[in-house]
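Here's the structure, in structure tokens; my notes come after.
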Amino acid sequence: MSAVKAALFDMDRTLVKKDTATLFARYRRDTGRAPWHETLRVAWWMLQYTLGVIDAPRTAELALRVFHGESDAGLRELCEPWFAEYVLPLVTRGGREAVRRHREQGDLVALVTGTTAYAAQPLARELEIEHVVCTELEIDASGRLTGQLVRPICFGMGKVERVGRLAHRCGFRLEEATLYTDSVTDLPLLERVGVPVAVNPDARLRRLASRRGWRVEAW
């Protein structure tokens, strides 16, 4: 039996009340870095995500085109004021309490999200989460984004694969881990952990949680 227990936390609509892709598009629009129709495009993608009909890899590739050639360091710097103004006020109280509880119990705590490190790492620092599993972007030798993804993206079975790598590296078993998430798109991972928890669940996950007897929480 593994000596390490893990608590895995989704980010958007779980630890944060809204999806960070929409918040970042709004920030870019508000600061004059993007046209208004970019916000509408992201909203359309998020609707597809909510309905479970999104082609995640293709959508991620389209979204990344706007950042082709951007400096990795510059994008990290850009995300700091965005996080402070647009994301930090939306961090859920229930999420903070759950992270603290698991940390005090001695559990390994990880942020597991389909978004990128640019959005995830500021939240991980805020909540003192040591491990971040997320979608990775390809960076060239000069430190600039190529516009390409590092496969697999952290979505569906790709998320299972990436969390599996973390489990192997850190010495915990998925069968003994707890996962907190809002979305039925995380079903592949929900079915592998020992304690699946539906947080602010979408309609399909709520029905599934009810049928399977999974815990449901509102943060």
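For residues that are within 16 Å of the chain's Cα centre (by Cα), at pLDDT 90 or above and of a type in the set (A, V, I, L, M, F, W, C), tally how many sit in segment 1-43.
Summing the residues that are within 16 Å of the chain's Cα centre (by Cα), at pLDDT 90 or above and of a type in the set (A, V, I, L, M, F, W, C) in segment 1-43 gives 7.
Cβ-Cβ below 7 Å, separation at least six or inter-chain, first residue in segment 139-168 and touching a residue at least 40 places away in the same chain (Cβ under 8 Å), second polar (S, T, N, Q) and part of a helix (DSSP H, G or I): which pairs?
F155/T185; G156/T185
Does G158 meet the test of being buried (at least 16 other Cβ atoms within 10 Å of the Cβ) and of a type in the set (G, A, S)?
Yes.
Can you tell me which of G106, G114, G143, G74 is small (G, A, S) and within 21 Å of R162 (Cα to Cα)?
On the way: G106 fails: within 21 Å of R162 (Cα to Cα); G143 fails: within 21 Å of R162 (Cα to Cα); G74 fails: within 21 Å of R162 (Cα to Cα).
From the options G106, G114, G143, G74, the qualifying one is G114.
Applying the selection to segment 184-219, what residues are surrounded by 18 or more Cβ atoms within 10 Å (Cβ to Cβ) and of a type in the set (V, I, T)?
V184, T185, V193, V197, V199
What tally of residues in segment 161-183 results from selecting those that are surrounded by fewer than 22 Cβ atoms within 10 Å (Cβ to Cβ), in contact with a helix residue (DSSP H, G or I) (Cβ under 8 Å, 6 or more places away or on another chain) and closer than 16 Å to G114 by Cα?
Looking only at that region, the number is 1.
Among the residues of segment 155-190, write down those that are at pLDDT 95 or above, of a type in the set (A, V, I, L, M) and either part of a loop (DSSP other than H, G, I, E, B) or in contact with a Lys or Arg (Cβ under 8 Å, 6 or more places away or on another chain) (or both).
Within segment 155-190, V160, A167, L174, A177, L189 meet the criteria.
Please verify whether segment 100-113 includes one or more residues that are of a type in the set (S, T, N, Q) and either surrounded by fewer than 20 Cβ atoms within 10 Å (Cβ to Cβ) or at positive phi (or both).
Yes, some residue in segment 100-113 is of a type in the set (S, T, N, Q) and either surrounded by fewer than 20 Cβ atoms within 10 Å (Cβ to Cβ) or at positive phi (or both).
Within segment 120-151, count every residue that is at pLDDT below 95, surrounded by 15 or more Cβ atoms within 10 Å (Cβ to Cβ) and closer than 24 Å to L190 by Cβ.
3
For segment 107-138, which positions are outside any strand (DSSP E or B) and of a type in the set (A, V, I, L, M)?
A117, A119, A120, L123, A124, L127, I129
The values are calculated or read from the model by the stated rules, or taken from the named source; none is laboratory data. Please read all numbers here as calculations on a predicted model, not as lab measurements. Here Cβ is always computed from backbone atoms with ideal geometry, including for glycine, and neighbour counts include all displayed protein chains.
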